Amino acid sequence: TQLLEQSPQFLSIQEGENLTVYCNSSSVFSSLQWYRQEPGEGPVLLVTVVTGGEVKKLKRLTFQFGDARKDSSLHITAAQPGDTGLYLCAGASGYSTLTFGKGTMLLVSP
Amino acid sequence: DAGVIQSPRHEVTEMGQEVTLRCKPISGHDYLFWYRQTMMRGLELLIYFNNNVPIDDSGMPEDRFSAKMPNASFSTLKIQPSEPRDSAVYFCASSNLRAGELFFGEGSRLTVL
């Protein structure tokens, strides 16, 4: 069974701070997706990374896929209250469906 | 275009009652997934369909759970009889690929008393 461990589980910060959340596994994934889920809604895809070492930027969000394709990180610069939500990583491998981590709950206070 | 549509958004029922959750996927998507989300276990895949055919139901907790997809635009997840431990948010998602971008509905929050 492939597992994705996300850390930290919960993060509470002030507006303007920077933060990094992590997604780690002992398994290799062909691609990895990051989703954000706002309260009362379903997860929404932010980005997909497919190449080891790949870095993708989405405004203030920077996503990195590990060289060995076993881990990923999400860095947010100058966090805003609108960034509040549950951040989920999900890995794809072989003929399996996506494997989801349990997520990092981020709370950004004004 | 309309996204994935789920109903009901909220359901409160008593233990032993039958619960039916409904989902309309995005038109043209060949894959439909049912997930359950709880604080303790996160997002769990219950079952998924490809072209209306159930492919993997190994995540269905027990025989009390069943899912159908009679056509490309409709799926149901049924729990009979319901138990308090079934309380969770149930999501339906659809996709063009088995492990591609998932488009989730807004979820059905189930509370079993």
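Among A:Ser7, A:Ser12, which is within 14 Å of chain B (Cβ to nearest Cβ), surrounded by fewer than 16 Cβ atoms within 10 Å (Cβ to Cβ) and at pLDDT 95 or above?
A:Ser7
Being part of a strand (DSSP E or B), β-branched (Val, Ile, Thr), crowded, with 20+ Cβ neighbours inside 10 Å and at pLDDT 95 or above is the requirement here; does B:Ile55 meet it?
no
All but one of (1) surrounded by 20 or more Cβ atoms within 10 Å (Cβ to Cβ); (2) over 24 Å from B:Val89 (Cα atoms) hold for A:Trp34, so report the exception by its number.
Going through (1) surrounded by 20 or more Cβ atoms within 10 Å (Cβ to Cβ); (2) over 24 Å from B:Val89 (Cα atoms) one by one, A:Trp34 breaks only (2).
Residues being in a loop (DSSP other than H, G, I, E, B), closer than 21 Å to B:Gly107 by Cα and either in contact (Cβ under 8 Å) with a residue 12 or more places away in the chain or away from chain B (no Cβ under 14 Å) (or both): count how many of those fall in region A:37-87.
Matching residues across region A:37-87 total 4.
Tell me which residues, restricted to region B:75-113, are away from chain A (no Cβ under 14 Å), in a strand (DSSP E or B) and either over 11 Å from the mean Cα position of the chain (by Cα) or closer than 15 Å to B:Thr38 by Cα (or both). Talk me through it step by step, then tell me what you get.
First, the residues of region B:75-113 that are away from chain A (no Cβ under 14 Å): B:75-87, B:110-113.
Subsequent filtering for residues that are in a strand (DSSP E or B) retains B:75-79, B:110-112.
Result: B:Leu110, B:Thr111, B:Val112.
Pairs, please: C-beta under 7 Å, at least 6 apart or cross-chain, first residue more than 14 Å from every other protein chain (Cβ to nearest Cβ) and in region B:42-65, second assigned to a strand (DSSP E or B) and surrounded by fewer than 19 Cβ atoms within 10 Å (Cβ to Cβ)?
B:Asn52/B:Asn71
The values are calculated or read from the model by the stated rules, or taken from the named source; none is laboratory data. Note that the structure is predicted; figures quoted are calculated from it, not measured. Neighbour counts run over all protein chains shown; Cβ positions are idealised from the backbone, glycine included.
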